[in-house]
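Structure, as structure tokens:
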Amino acid sequence: MRTLARPMLASMFLHGGASALAGPERLEPAAAPVVRGLADRLPGVPRDTRTAIRLNGGVQVAAACLLATGHFARPAAAALAATLVPVTWAGHRFWEAEDEQERAQQRIHFLKNLSMLGGLLIAAADTGSGPSLAWRARHHRLQHSA
């Protein structure tokens, strides 16, 4: 199941990230206020909107490739989840749309992204039925303290 599900989950991020890398200018108007807000609050977030869009797109492409191939799948899923939050916040602000049809479309995209976020969080926590890092750390301590 994981062999099929991971590439399916990664596909949207591979496409979206590549699109952001190739044409950040089309995303700039929606992204600018979110980038400014993040840059003011988080060190390391570029103040230049195009740079931030390209950085986000690059992370999406790299993490999508890792997730799709099952390499470092958990950190890749977590990285994709982190990129999805500002993308959703910038691009699908349905509560601001005045036109009812536009509001409905943006709400659908917002909820779709929320669903993908849930899938990414599950993938980030998925140990593949192996023990988690927390379990391994506890078990290692118990073995060495006895």
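The values are calculated or read from the model by the stated rules, or taken from the named source; none is laboratory data. Owing to the predicted nature of the structure, the values given are computational and were not obtained by experimental measurement. Positions of Cβ are generated from backbone atoms using ideal geometry, with glycine treated the same way; all protein chains shown enter the neighbour counts. What goes into the accessible areas is simple: the full protein's heavy atoms, side chains included, and nothing from ligands, DNA or RNA. Shrake-Rupley method; radii C 1.70, N 1.55, O 1.52, S 1.80 Å.
Checking the conditions here, which among Ala63, Ala82 is hydrophobic (A, V, I, L, M, F, W, C), over 15 Å from Ala30 (Cβ atoms), modelled with pLDDT of 95 or more and open to solvent by 40 Å² or more (accessible area, probe 1.4 Å)?
Ala82
Having 2 or more residues that are touching a residue at least 12 places away in the same chain (Cβ under 8 Å) and under 23 Å from Thr127 (Cβ atoms) is the bar; report the helices (runs of 4 or more DSSP H) wholly within the range 10-100 that clear it. It would help to see each step written out before you state the result.
Values: elements: 28-41, 49-69, 73-91.
Here the list reads 49-69, 73-91.
Are any residues in the range 1-47 β-branched (Val, Ile, Thr) and farther than 17 Å from Ala81 by Cβ, and if so, which ones?
Thr3, Val35
Kindly establish whether Arg138 is assigned to a helix (DSSP H, G or I), open to solvent by 100 Å² or more (accessible area, probe 1.4 Å) and farther than 14 Å from Val85 by Cβ. First the steps, then the outcome.
Values: assigned to a helix (DSSP H, G or I): yes; open to solvent by 100 Å² or more (accessible area, probe 1.4 Å): yes; farther than 14 Å from Val85 by Cβ: yes.
Spelling it out, Arg138 is indeed assigned to a helix (DSSP H, G or I), open to solvent by 100 Å² or more (accessible area, probe 1.4 Å) and farther than 14 Å from Val85 by Cβ.
Within the range 87-108, does at least one residue satisfy the condition of being on the phi < 0 side of the Ramachandran plot, out of contact with any helix residue (DSSP H, G or I) (no Cβ under 9 Å at 6 or more places or on another chain) and of a type in the set (A, V, I, L, M, F, W, C)?
No, because not a single residue in the range 87-108 is on the phi < 0 side of the Ramachandran plot, out of contact with any helix residue (DSSP H, G or I) (no Cβ under 9 Å at 6 or more places or on another chain) and of a type in the set (A, V, I, L, M, F, W, C).
Inspect all residues belonging to the range 10-26 and state whether any of them is surrounded by fewer than 18 Cβ atoms within 10 Å (Cβ to Cβ), under 17 Å from Gly119 (Cα atoms) and hydroxyl-bearing (Ser, Thr, Tyr).
yes
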